[in-house]
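Report on the following structure.
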Amino acid sequence: MARVNALIRDRMSSRHAPRIPEVTAHLVEAGGKRMRPMLTLAAAKMLGYSGEYHINLAAAVEFIHTATLLHDDVVDESRQRRGRPTANLLWDNKSSVLVGDFLFARSFLLMVETGSLRVLDILANASATISEGEVLQLTASQDLKTDEDIYRQIVRGKTAALFSAATESGGVIAGASEAQVRALHDYGDALGIAFQIVDDVLDFGGVAAVIGKNTGDDFRERKLTLPVIKAVAQADARERAFWVRTIEKGQQGPEDLAEAMTILQRHGALEAAREDALAWAARARNALKVLPDHPVRAMLADLSDFVVSRVA
């Protein structure tokens, strides 16, 4: 990862706009796990790649991720990211959006340097899918008719698409077989879904210092995450009126978060979402079976366990 981080620092610089490295560094250097670029490096290594372009791809993946975070914080009007004030709070919305655009452009330059049209296709499609997922969430996240199928579509867009593109592109640059590339895609997809469900569960009971946001942020932002969707599906008339008021209409009082958590516990919604996360993690591990027997494969299996360990 040291070489990836060095490339990231080099490519996030700008000769003409000093605000670009300022904003980017605030988020890139905030101590993120770098999970997505690590997946690219791991996939390439597991398939025996000996070139240099996996570094480009890992950096491109991180730039795409960072760009989406900058844009998301503007859309969500967020004030905290990874335990620190968001870029849009420290600077402004315009800076966050434009620096995010710059990072998308940088990511595509890094992809082009590999000379692989296929990895360009994979990561370009992932970028479009991420945007589609975010737009779908805008229209569906405050609509109580949103069900688990729509939720998975949103999560596959805004979260899992980049996980699967990260692993898939690492395999492609290494010359993996079609079966191996598919397995890498399936692993990343399942891992990304498990990752997002865990975040959804932790929002109703995680420790702010651990997850980098305050408990109940999703509720306050009126997001229909998986635990709430499960609870809404079982709601009686009184509970449904509560969800209509707090989620659809946005009329929330100081006691409503506690009431929401009481309803979730009453219907076992958090436990059911936790079980879903564990099932997706198991699906990720299972996808690895067709890949070479390699220490990296064991590490990727352990990673699927780590992702759900906070709720296991």
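Worth a mention:
- Qualifying residues in segment 251-282 (those that are polar (S, T, N, Q) and without any contact (Cβ under 8 Å) to a residue 12 or more places away in the chain) - the one most open to solvent (accessible area, probe 1.4 Å): Gln265
- Scanning segment 37-53 for residues that are open to solvent by 20 Å² or more (accessible area, probe 1.4 Å) and more than 15 Å from Arg3 (Cα to Cα) yields a count of 3.
- Condition broken by Glu248, with the remaining ones in (1) open to solvent by 30 Å² or more (accessible area, probe 1.4 Å); (2) touching a helix residue (DSSP H, G or I) at 6+ places or on another chain (Cβ under 9 Å); (3) touching a residue at least 60 places away in the same chain (Cβ under 8 Å); (4) of a type outside the set (Gly, Ala, Ser) satisfied: (2)
- Qualifying residue in segment 283-298 (condition: touching a Ser or Thr at 6+ places or on another chain (Cβ under 8 Å), open to solvent by 50 Å² or more (accessible area, probe 1.4 Å) and at pLDDT 95 or above): yes
- Criterion violated by Gly175 - all others in (1) outside any loop (DSSP other than H, G, I, E, B); (2) modelled with pLDDT of 95 or more satisfied: (1)
- Selected residue [under 23 Å from Gly192 (Cβ atoms), among the β-branched types (Val, Ile, Thr), open to solvent by less than 60 Å² (accessible area, probe 1.4 Å) and touching a Ser or Thr at 6+ places or on another chain (Cβ under 7 Å)] from Ile130, Ile154: Ile130
For (1) open to solvent by less than 20 Å² (accessible area, probe 1.4 Å); (2) assigned to a helix (DSSP H, G or I); (3) at pLDDT 95 or above; (4) closer than 21 Å to Arg152 by Cβ, each residue gets a yes or a no:
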{"residue": "Ile193", "(1), (2), (3), (4)": "yes, yes, yes, yes"}
{"residue": "Asp199", "(1), (2), (3), (4)": "no, yes, no, yes"}
{"residue": "Asn214", "(1), (2), (3), (4)": "no, no, no, no"}
{"residue": "Phe219", "(1), (2), (3), (4)": "yes, yes, no, yes"}
{"residue": "Leu224", "(1), (2), (3), (4)": "yes, no, no, yes"}
{"residue": "Val228", "(1), (2), (3), (4)": "yes, yes, yes, yes"}
{"residue": "Ala231", "(1), (2), (3), (4)": "yes, yes, yes, yes"}
{"residue": "Ala235", "(1), (2), (3), (4)": "no, no, yes, yes"}
{"residue": "Arg238", "(1), (2), (3), (4)": "no, yes, yes, no"}
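- Elements of type helices (runs of 4 or more DSSP H) contained in segment 87-162, each with 2 or more residues being under 26 Å from Ala17 (Cβ atoms): 87-90, 93-113, 117-140
The values are calculated or read from the model by the stated rules, or taken from the named source; none is laboratory data. Since the model is a prediction, treat every value here as computed from it, not as a measurement. In this analysis, Cβ positions are derived from the backbone assuming ideal geometry, glycine residues included, and neighbour counts consider all displayed protein chains. These area figures cover heavy atoms from the full protein model, side chains too; ligands, DNA and RNA do not enter into them. Shrake-Rupley method; radii C 1.70, N 1.55, O 1.52, S 1.80 Å.
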